[in-house]
Structures are given as structure tokens and as C-alpha cells.
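Below is one structure; the comments refer to it alone.
The values are calculated or read from the model by the stated rules, or taken from the named source; none is laboratory data. Treat the numbers as computed from the prediction; the structure is a model and nothing was measured. Positions of Cβ are generated from backbone atoms using ideal geometry, with glycine treated the same way; all protein chains shown enter the neighbour counts. Heads up: the accessible areas ignore ligands, DNA and RNA and are worked out on the full protein's heavy atoms, side chains in. Shrake-Rupley method; radii C 1.70, N 1.55, O 1.52, S 1.80 Å.
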Amino acid sequence: MEVLKGIAVSPGIAIGEVFVVDDERRRIPRRTVPAAQVAAEKARAEQAVRDSVSELAALRDRTAGELGEEAAKIFAFHLGMLADRSLTGPLLAQIEREGVTAEFAVWTAMELLASRFAAMPDAAFRTKVDDVRDLSGRVLRHLIGEHASRLHTLRHRAVVVARDLTPSQAAAFDRGHVIGFVTEMGGRTSHTAIFARALGIPAVVGCAGVSAHVTDGAAIVIDGDEGTVVVDPTEEQLAAYQVRIERARLLRLSLAELATLPSVTRDGHRIELMGNIELPDEIPAVLEHGGEGVGLFRTEFLYLTSDHEPTEEEQYQAYASCVRQLAGRPLTVRTLDLGADKYTQAQQEEPERNPFLGCRSIRYCLQSLPMFKRQLRAILRASAQGPLKVMFPLITSTTEFRQARFILNDVMDDLEDEGIKFDRNVQVGMMVEVPSAAIMADAFAREADFFSIGTNDLVQYTLAVDRTNERVASLYNPGHPAVIRLIREVVRAAGRHDIPLSVCGEAAGETEHALLLIGLGVRTLSATSSSIPRLKRLVRSVELSQCERLAKKAAQLDSEVAVTGFLRDGARKIIPEAFDGRSADE
Ligand code: PEP
Ligand code: MG
């Protein structure tokens, strides 16, 4: 038995067996597959080699065209290695003979080749070691990467263990089979963590060394409330976890009774509770949990779950299906927010040096106009079907907002010329998720129809803390006084200009931060659907004046440590039952 500690990112407890997903940048451990899967494993290896060959051939042709035949020779060398049966033959034979994974066989064969080159007396040959490692990484990427990963071979219910998982990998999870996951990397607001909450599966991230501790089939418990991972649990531990699973089930049942009750404070103030979604099929869960609409549709997940850019028609069908399912309730569609930790296959070809500060989100859209326009056409067409708002992400300057709006108007003109129906008066708002937008909120409020504060990014950019990095996770805090001040100013600016405002970052779904936000004047919270019942209970248990007092005092404190302590104590006093003996930030 071994207990490991990580960051709790998606509540609940999963008990099951381990399924490891390797990382092509690392040493691949030796793992075996059941005898019945050996043929499939050989086929995966062959496919990865074929995919690498096509990729390299395309690169060779492009390089020859742009830089000449001499420069393209490097790819000829790589292609030559892959065509050499003395490399691929033994690796397929190893899978056949030993039943090892395709990843392990490729890695072993490539390492053997690299060591042969390294041992050559001629220095020119020794430089080939880098080429072999490069090639090894390429083939392994085809095996491990988003759309070909071993995850697709999962045929039983299991807990996924990986060094890291991208949001696209999480989005591609077979929902019937993945019952939880644990990774070594990641933070509470990384999109992989957010997606785990959307799927309602327990997850722990930032769990150092976990993938080295386990092998496929080992027994494991993931505790997504406490951030604990137990490998090979004892009988007593399992029994204790079963008791907690049952208690959580009863709590969920009692919260479910709140779904149809209004979201008003004890002194009669309405707080609107909306759901965040990544894909249209999450809408039933939003409604079941009592959500009054969708406050944030992260449309980039349509791109992340597909191996091609979704066509206008595919997107239109997705947006129109959301409008239909919501039956008159509001839907806020955020335009593409790709980049940073969310990449499509095509984007990943050219890695960013500094992804969170790079060509992401609205910047990427403004540089990829045909793609952006395709999405805007699809969104606008869906606006003819019911209430829908458009929201631009990561706006940092009024120029950027105006550019995005200009393009939207352009698309409207096109649709009009073509006689296609849409809502000419569609509301166009923006995310306030970088300090420049928060500081300039007054100027933006004159132009935007509404604001939605994205605390996930606002915290990251205000505090200079990468939201996906487990090593700085303890510095990531929505209660930091600087963040509170920015939010307060945005709320005031929205009030002065009389435009609607909501908060859709993860903080909106966290007990003590929700109280703080309400106290700061926020009247609409948008959160993962599973947190809506808890939020509703919170709203119905407090008086607005209590939240206001809490926020006023919190805003006077000068350190995030003081604010966090104060908020937790305050929240515990106002609503002790919300904590149920768990940590406040569960
Ligand atoms: C945010 O930044 O708070 C937000 C809601 O957007 P995302 O989490 O998708 O970056
Ligand atoms: Mg964001």
C-alpha cells in the first residue's frame, strides 16, 4: 500500500484498476498487454510507422520546395530508417514474442539503434543519435498523441494514470470506461481538470511520481476531495472509502431536491446560476442540476474532439442543438479559445515558446480569419433559433474588441446578402480575464453588451502563475487582494454602464469565493453543472448583507493568506453545512 498526495481537482472517489498512458518525452516503462490484444498492438505499431512515413514525406517535399533538395536530405535519412526492416522487424517480433506494448517496443528498438550510433568511432555517425531520438519521438507521438493514444484501446473500466493529459485527450475519454484519473502535472484550473469536473469523474493532478509507482492492472483509489491517491489499498481503506462514497451519494440526493427551487438569498435577492459546458451533450446535466441556462460554452472543445476543423454546418448543428435543448433559456457562446493548454493537432506542429502569452484565443482567430468567420457564421445562424449571446475571449484592448466586432458585422452582412436568417441584435460581450481588460473596464463597458469575468485566466495573468503548473499551484489564489480589487472595479464599471455581468471562472463554483463574489456585487455565477446544487444551497442559506460584509472586510486585507483564512472562517460561520467536514476548497 502506498499513499501519494496531489491536488484535488474533481470531487468524488474512484476505486478501480490502473491504466497507464505513457509520455513520448520520457523513458517508456515495460508494460505488457493480454494475449488477445497482441495483434492489435502490432497493428498500432505498424500504423504509427506508416503515419510517421507520410508525415516525413510531406515534410521532405515541403522542405525541398522551400529550401532545396540538400536541406530535405535529413528527412530522407529518417524515412530510410523507417523503411529498414532491420528496425521495424525486431520491434514487431518483440510485441509478438513478449506481448509488450507498441510504445515499449518502439522505444526499445530506437534506443538500441541510438546506442549503436553512439558507439561508432566516427564522430559523423555519433551525431545521428539525435536523429534517432527525434524519429523515436515522432513515432511515439503517433502512438501516444491525442488521436492515436493507447487510451483508445481501453476496453474496461479503469483509472487512467499519466504524467500529463491534454484537454483533447480528456475530451476523447471513453466515458463508459474512464472512471477517474491522476496525473503528475497540472493545476486546479487547467482545462483537463475542468473537463474532469464536467465529466463528473474524480481526478487528482500534480501527483509527483505517480506513473512510476504503478503498472497496468494495479488496484488504486483516487480521492478527488482530498487529493489523495492510494496504490494497492488495504481492505480497511477500501471499506472506509465505500462509506464515504455512500455518504456522498446521499448528499447528492439531498441537493438534487433543490433543483427546482428558486435561487434567492434568505432576504430575497436573486442570484442567477448558470452552467459552463464544453460540449452540447452536457446541457441535460446543467438542466437537471437546476442551471438556468449556459453562461459559458467553451466552443474550442468541438475542435479538440475532432481530427479536422469542424465545418460551418457541423458547428451550426452543435450550436443549434444547444439552443433547442435550452428551450428558451439563454446560451452564451464563447468564440474559439484555442492555444495555451488547448491545441488542435495542426496547431501543435509549431509549438509556442510561451503558450499562455502567445498566439492564442482571440489573437489566433484574428490571424485566422477564414476559420473565425466560419465559426461566426455558424453561431449567428443558430441565433435565429433562440436566445444566444456571442462572447469574445482574452480581449486585452479596445482595438481587439472592435476588430472582432467588425468581423462579426462583416459576417452579418454576408448572411444578410445571402438571405440567411440570424438575430441582428445579438448581444456581443467579452470575457474580462486579463488585467488590462479589468483596468480598462469603463472603456470596454461603453462598447460591450455584457461582461463575463474569467477568474481562471485573470488570476493567472494578475499573479503571473501558470494555471497548469503544479509547482506553483500554491501561489494560485482567486482570493489575492489584487484579484479582488480588479473584480470589484469590473463589477462597478458594469454597474455604472448598466450592462450585465457574470463570473464564469472556477472560483464562481467554489463556496467561499462564490460568497465573496456575491458580496462584491456579482448576481450571475456560471459554473460546472455539478456544482450548481451546492451553489443553490449556499445562496438560499445566506443573506446578501452577510456576503457584503464578508467582501468588504476581505477587500481590506493585504495578503492572500489573510484573505483565504478570513473567507474560510467567514464562510464556515455563515454556512457550516456547506463544508460537511471537508476542506473549504473541495
Ligand atoms: C477563465 O479564464 O476563467 C475562463 C472561464 O475561461 P477558460 O477557463 O476556458 O480559460
Ligand atoms: Mg480563460
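Side notes on the structure shown:
- Electrostatic dipole magnitude of the chain [Cβ: Lys, Arg +1; Asp, Glu -1; Cα centre; debye, to 20]: 1020
- Solvent-accessible area of Val465 with every protein chain in place, 1.4 Å probe, in Å² to the nearest 10: 10
- q = 0.07 Å⁻¹, the chain: log10 I(q)/I(0) [Debye, one scatterer per Cα]: -0.46
- DSSP beta bridges confined to the range 118-241 are antiparallel in about 35 percent of cases.
- Taking the empirical scaling 2.2 N^0.38 Å for compact globular proteins as reference, the range 1-122 has a Cα radius of gyration ratio of 1.40.
- Beta bridge orientation in the chain: antiparallel %, DSSP, nearest 5: 35
- Estimated translational D of the range 1-45 in µm²/s (Stokes, Kirkwood radius over Cα pairs; 25 °C; 0.890 mPa s): 171
- Taking amide H as placed 1.01 Å from N in the peptide plane, the amide H of Ser452 sits under 5 Å from that of Met430, Met431, Val432, Ser502, each at least 5 places away or on another chain.
- The slack in the chain from Arg471 to Leu82, taken as 0.36 nm per residue of separation less the alpha-carbon distance, amounts to 136.2 nm.
- For Gln427, nonlocal amide neighbours, meaning residues 5 or more places apart or on other chains whose placed amide H falls under 5 Å from its own, are Val390.
- Under-30-angstrom lysine pairs by C-alpha in the chain, whenever the two are 8 or more apart or on separate chains: 16
- Per residue, the chain reaches -15000 deg cm²/dmol at 222 nm when only DSSP H runs of four or more residues are counted, each adding -39500 (n - 2.57).
- The dipole here belongs to the range 7-138: it is taken about the Cα centre, uses +1 on the Cβ of Lys and Arg and -1 on the Cβ of Asp and Glu, and is about 280 debye.
- Whole-number percent relative contact order across the range 35-150, with pairs defined as alpha carbons under 8 Å at least 6 apart: 28
- The chain: angle of helix 312-326 to the longest principal axis, Cα-based, in degrees nearest 10: 40
- The local environment of Glu272, defined by Cβ-Cβ distances under 9 Å, has a net charge of +1 under the rule Lys, Arg +1 and Asp, Glu -1.
- Relative contact order of the chain, defined on C-alpha pairs under 8 angstrom at six or more residues apart (%): 15
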